[in-house]
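Take a look at the structure set out below.
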Amino acid sequence: MTRNRNMKIASVAAFLAIVFIAVPAAISASGRIDLYYTLTSVALLSIASAGVWLTFYIGRINIGQGAYALMGGYVSAILVMNHGWSFWLTLPVAGLFCAGASVLIGLPILRLRGVYFAMVTLVLTEVVRLLALALPITNGAKGIVSIPLPGALSVFGLTIIPDFATLQNSRLAFYLLAVTLIGWSTRASASSASRCSRTRNSPPRSASTSPICASSPMRCPPSSAVSPAPSSPPSRSRSIRRASRSPIPSTSC
């Protein structure tokens, strides 16, 4: 147990050292600052793909994460550009919007199973993409450009994240923020997936003694569908014993 824990801590420390120290140092030495944009995009797409990992544990193949990522990005950009909101304030609002949209969309399609569910989620991504190209609020195929850099994030007067416009290398800041978010989201998805796996694989109480039900609960019928075993008829010895206990009627001569 201690050895596995030490190996896990060492692997996490090595990963953090590579991501936060080695990669920025290598990019600075090579002068390829544009690689920050590529790595940031990879990290953000990985966050969106973490939902696929979670849905696999509940027996669904969901490939519609791109639709919700697209909706969240446009909601954040519209609030920043058209309404002057802070970038940090638009993040929870965009998340709540996508959550509400997922509930409305998921209620009818969750009745599907297997490849039918996967095909509907794939079609959903294409529908949202076509809507983004057709709606005037998204500026069509031109998209929303010239979005200002995020400002400072302060809580009770304490600056947690500085203004990106004042940073010497804003691309490095975006990269570090995206990597931090992917670490947090992956850990949250892993814990949620483990809970779903334990819930899905836990056998019901009525089937706890059956090895087949313990290995695969889906194979076991519900307890109401299982017919009770027929009770065995009373043995002959019990009948004789009961007859011997019954009083014998007396007869008069």
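Quick notes on this structure:
- Loop-located chymotrypsin sites (Phe, Trp or Tyr not before Pro) in segment 122-187 whose Cβ has at most 12 other Cβ within 10 Å (DSSP): Phe156
- Förster radius 35 Å - calculated FRET efficiency between Arg111 and Leu181 (Cβ-Cβ, nearest 0.05): 0.60
- Residue-wise HN-Hα coupling along segment 91-97, computed from phi with Karplus coefficients 6.51, -1.76, 1.60 (Hz; x: Gly, Pro): 5, x, 5, 5, x, 5, 4
- Potential lengthening between Ala10 and Phe156 on full extension [0.36 nm per residue; Cα-Cα distance subtracted]: 49.0 nm
- Between Ala48 and Ile33, the modelled label-to-label distance comes to 2.6 nm, taking each label 7 Å out from Cα in the direction of the beta carbon.
- When only Cα pairs below 8 angstrom with a gap of at least 6 residues are kept, segment 49-198 shows a relative contact order of 29 percent.
- The stretch between Ala101 and Ala165 holds 19.7 nm of extra length on full extension. This uses 0.36 nm per residue minus the Cα-Cα distance.
- Translational D in µm²/s for segment 1-160 (Stokes-Einstein at 25 °C, 0.890 mPa s, Kirkwood Rh from C-alpha pairs): 129
- Taken over the alpha carbons of segment 78-181 as equal point scatterers, the Debye sum produces base-10 log I(q)/I(0) values at 0.14, 0.18, 0.25 Å⁻¹ of -0.81, -1.08, -1.36.
- Interchain or long-range residues, amide H under 5 Å from Leu153's placed H: Ile160, Ile161
- Of the residues Leu135, Met119, Pro148, the one whose Cα sits farthest toward the positive end of the charge dipole of segment 80-191, with +1 on the Cβ of Lys and Arg and -1 on the Cβ of Asp and Glu, is Met119.
- Label zone at Ser86, where the point sits 7 Å out along the Cα-to-Cβ direction: segment 135-158 residues whose backbone N lies under 14 Å: 150-158
- Out of every Cα-Cα pair that segment 1-65 contains, those further apart than 19 angstrom amount to 58 percent.
- In sequence order, calculated HN-Hα J values of segment 111-121 (Karplus, 6.51, -1.76, 1.60; Hz; x Gly/Pro): 6, 8, 9, x, 5, 5, 5, 5, 5, 5, 5
A short reminder: the numbers here are calculations on the coordinates, not readings from a lab. Quick caveat: nothing in here was measured; it's all calculated off a predicted structure. Note that each Cβ is placed from the backbone with ideal geometry, even for glycine, and that neighbours are counted across all protein chains shown.
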